[in-house]
Amino acid sequence: MTSRRILSLSGGFNFRDLGGYPTIGQSTVKWHKLVRSGYLTDLVDEDLKKLIDYGIDIVIDLRSESEVISYPDRLSEEIEYIKLPIFSQDQTESNISLEKIYQLYAKNSDGGFQKIMRSYRKLSIDRHAQRAYRHFFEILLKYGNKKGILFHCSAGKDRTGMCALLLLAALGVRMEDIRKDYMLTNVASVARVEWRISEAKKMQLGSNFISSVRDLATVRNEYFDQLIGILEYQYGGIIQYLKTEIGLTDVECKELRKIYLN
């Protein structure tokens, strides 16, 4: 299943189909309808053709304006592009330069880890982010019947991971499978992470620096638990969060399942 889920693109990373996950209601998520990924800046012509052939019609870009300007997506004219920034600037810093990481986090071995933990709290409670999640679901409802949708941020793990968590929960996917999907970033991004670590080691700036680079480039169960803990204790759980903070109605949830489940 994992080999089918992870899509190989020569100029991309962390491309994964959300299809195939079973739900509590004995259905499964449809294949070729929902894909998550990292940024699309380095896609080559062959990659673009592969996305179109795979059924991708719409790309939702969750990155901030500054990220989009610095690393614009490369897309075919056949694919509709929608900007939907979760934050006004990248709070996760998963794609910042190694020099910047050193300036910010080299003095503390868990500096990168703590940065991600703080950003995950903001992913949950920030009102701008919550409004973006609402718009995300509106796009899924509007286009899902006829179009395949890819959504991404920079590394395809934090903002994208939050959207995937909320979406899979709304579809009725079990929490253990949602966690597995979240953690799959470390498999689907292994080449990129290894490159980041290798470049960091060449700079010979110490183990604290290496630890922060790794923590910013990967996902951990602690990050996922932070999200779930906030949603549980502050909002009464993911489903309640979807209803009260995102405004997802029972009718809309039913329509999502009609569109995206077999």
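Remarks
- Qualifying residue in the range 228-247 (condition: at pLDDT 95 or above, within 20 Å of the chain's Cα centre (by Cα), farther than 13 Å from residue 166 by Cα and among the β-branched types (Val, Ile, Thr)): yes
- Qualifying position, being open to solvent by less than 40 Å² (accessible area, probe 1.4 Å) and at pLDDT 85 or above, among 52, 125, 69, 82: 82
- For residue 214, the criteria (1) modelled with pLDDT under 95; (2) over 17 Å from residue 117 (Cα atoms); (3) open to solvent by 70 Å² or more (accessible area, probe 1.4 Å) hold in every case but one, which is (2).
- Odd one out for residue 201, checked against (1) within 20 Å of the chain's Cα centre (by Cα); (2) basic (Lys, Arg); (3) modelled with pLDDT under 95: (1)
- Filtered residues of the range 1-48 (kept if hydrophobic (A, V, I, L, M, F, W, C), over 16 Å from residue 183 (Cα atoms) and touching a residue at least 60 places away in the same chain (Cβ under 8 Å)): 24, 29, 34, 40
- Here the strands (runs of 3 or more DSSP E) wholly within the range 5-78 that include at least 1 residues being farther than 26 Å from residue 128 by Cβ are 15-17, 56-61.
The values are calculated or read from the model by the stated rules, or taken from the named source; none is laboratory data. Everything numeric here is computed off the predicted structure, so don't read it as measured data. Note that we place each Cβ from the backbone using ideal geometry, even for glycine, and neighbour counts take in every protein chain shown. All accessible areas refer to the heavy atoms of the entire protein, side chains included, with ligands and DNA or RNA removed. Shrake-Rupley method; radii C 1.70, N 1.55, O 1.52, S 1.80 Å.
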